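The values are calculated or read from the model by the stated rules, or taken from the named source; none is laboratory data. All figures in this text were calculated on a predicted structure; none of them were measured in a lab. Here the Cβ positions follow ideal geometry from the backbone for every residue, glycine too, while neighbour counts run over all protein chains shown. Ligands, DNA and RNA are excluded from the accessible area calculation, which covers all protein heavy atoms including side chains. Shrake-Rupley method; radii C 1.70, N 1.55, O 1.52, S 1.80 Å.
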Amino acid sequence: MPVPIPRQRVIPAVENGHDGGAAPRTDRPTGSPTDTTRDTAPGGTTGPRTEPATPTEHTTTEQTTTDATGTPRTTGGPDGAGAALGPAAPTAAEAAEALARIAAGSAAHPGSGQTSTALTLLVIEDDPAGSLNIPSLLDSAELTVRVRTARNLTEAERLLTDDVHCILLDLALPAPGPRPAEAEDGTEDELAVLRHVLRLAPRHAVLALTGAGNSARGPEAVRVGAQDFLYRDELDGRLLSRAVRYAVERKRADHAQRQLTESRLRAQENARLERGLLPTPLLEGAPLRFAARYRPGRSRALLGGDFYDTVRTADGTVHAMIGDVCGHGPDEAALGVELRIAWRALTFAGLCGDQLLSTLQKVLENERPDDEIFATLCTVDISPDGRSAGLCLAGHPSPLIARQGHLAELLPYDDNGPALGLLPQARWPRRQVELGRSWSLMLYTDGLIEGRIGAGNQRLGQDGMVSLVRGLLDQGLRGDALLEAAMTEVRALNGGELTDDVAVLLLDRMVPTTR
């Protein structure tokens, strides 16, 4: 008949790092998990904390043993005779003291960053001889620790909850599943159980427990991923307490460092992608001033689906483009970069108008991740003398022009073609427009005109945008100042940040008046 191995346990009255009103438990069935809370009592004495329960709570201490058939049976108190009665009713002062300790003793969540001295330690070890008594070791440590004990990895997985701060793992435990093939030095097989726990608990601190006879296993465990290692034969309460606190803080520091590294990598990737979306204009030799603004619609985002570019070809023609891929995020941004680069290459190759847009549609159809993705586009090619331009619209809003001596207005958009990617055999006519002697030409995406006006559902629209820009021009604003003021006023009318991506490009040609 198997005899249960005695194990100490205290059943806490509440899940707050203190055990109230529970008597010490002196045995435990083989293979069942335990949950033990240890604290340092005032005056330096240590041991199980027994706090009186509140008048509305009754705590019962039970023992569970296993008979010859393997059936659990429940007995009463520590001596096993009869049902255990609840503790005596506490006095008013004792009840108030217990409630104060309960209110002040809540343990912080491992990932919350809150400071607390209460920690939860999950011990995974199989010690039939009972030589390793973690709760008794912690009696001498100035640290409040709740101890959970698992005899195998199956029990450990069940006990591994979010409130566990640290895992103490016996490396002598067998690994789950088929025995892996040993490496030449035997390391692979010895640390298989550690690798399994690290996969099971990637966010928890892990302490490796090994024997002093195998001094190489501990450092190897740290190399594999444990926060520290301890020798079983040299273990004492102070060393264990310090190692637990060190492992928890080191895990937090490692996690913070990993997050910082990942954030830096994402920022670098976004910066490279953003440089593709927001290129340096190639306008050397052109008598034009260039200004642009870009703002993604998503909160805290660096990237959107809007893109633009401006280049001057060898014949003196200035080509400008602005586009918008439907959707938000890195996939749409990447597609926008591909379309912008393709536009620049095709423009330098001499393509324009319908021929250029038809080729860009083929690029989009082959590169888009989904057949429903499309892109709107506006292209303008300004003649070398700066007085006229060719305009092509692919489902995109028409540019705004402000000629000297005239009110700002939209360029004609009667021959607007469909967005790229909607119709396989679409055509995009090129319309010739007169610009005049001195002018400002503003290309923009629909995020600028789809913002709300006030608390209602009314949108700013193109007419509202034209009125807004006219007012800013009357104030004498030009170039970067004009774009910055326009973006600020549109956001103010919307009552906050715009939900859609916004890109605005401004080209100015100011010729001094001759007398």
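List of remarks:
- Scanning the range 309-334 for residues that are part of a helix (DSSP H, G or I) and surrounded by fewer than 24 Cβ atoms within 10 Å (Cβ to Cβ) turns up P330, D331, E332, A334.
- Check on L173, modelled with pLDDT of 65 or more, closer than 23 Å to N133 by Cβ and open to solvent by 10 Å² or more (accessible area, probe 1.4 Å): yes
- Between A183, A141, the distinction of being under 20 Å from Y246 (Cβ atoms), open to solvent by less than 50 Å² (accessible area, probe 1.4 Å) and modelled with pLDDT under 70 belongs to A141 only.
- Under the condition of being open to solvent by 80 Å² or more (accessible area, probe 1.4 Å) and hydrophobic (A, V, I, L, M, F, W, C), the residues counted in the range 423-480 number 2.
- Whether a residue is open to solvent by less than 20 Å² (accessible area, probe 1.4 Å), among the hydrophobic types (A, V, I, L, M, F, W, C) and either touching a residue at least 40 places away in the same chain (Cβ under 8 Å) or assigned to a loop (DSSP other than H, G, I, E, B) (or both) was assessed, and F290 does not pass this test.
- In the range 208-248, the qualifying residues are those that are more than 37 Å from the chain's Cα centre (by Cα), part of a helix (DSSP H, G or I) and among the acidic types (D, E), and the one that is surrounded by the most Cβ atoms within 10 Å (Cβ to Cβ) is D233.
- Scanning the range 325-346 for residues that are closer than 17 Å to H396 by Cβ and touching a residue at least 24 places away in the same chain (Cβ under 8 Å) yields a total of 9.
- Residue within the range 372-380 that is farther than 28 Å from L472 by Cβ, open to solvent by less than 10 Å² (accessible area, probe 1.4 Å) and in contact with a strand residue (DSSP E or B) (Cβ under 6 Å, 6 or more places away or on another chain) present: yes
- Out of D385, D381, sole residue that is among the charged types (D, E, K, R), without any contact (Cβ under 8 Å) to a residue 12 or more places away in the chain and under 30 Å from V511 (Cα atoms): D385
- Residue that is least open to solvent (accessible area, probe 1.4 Å), among those in the range 481-498 that are in contact with a helix residue (DSSP H, G or I) (Cβ under 8 Å, 6 or more places away or on another chain) and part of a loop (DSSP other than H, G, I, E, B): L498
- For the criterion of being in contact (Cβ under 8 Å) with a residue 24 or more places away in the chain, over 39 Å from the mean Cα position of the chain (by Cα) and over 13 Å from D354 (Cβ atoms), A419 fails.
- Check on I167, modelled with pLDDT under 90, open to solvent by less than 60 Å² (accessible area, probe 1.4 Å) and under 25 Å from R245 (Cβ atoms): no
- Within the range 262-284, restricting attention to residues that are at pLDDT 85 or above and open to solvent by less than 60 Å² (accessible area, probe 1.4 Å), the residue that is farthest from A503 (Cα to Cα) is L283.
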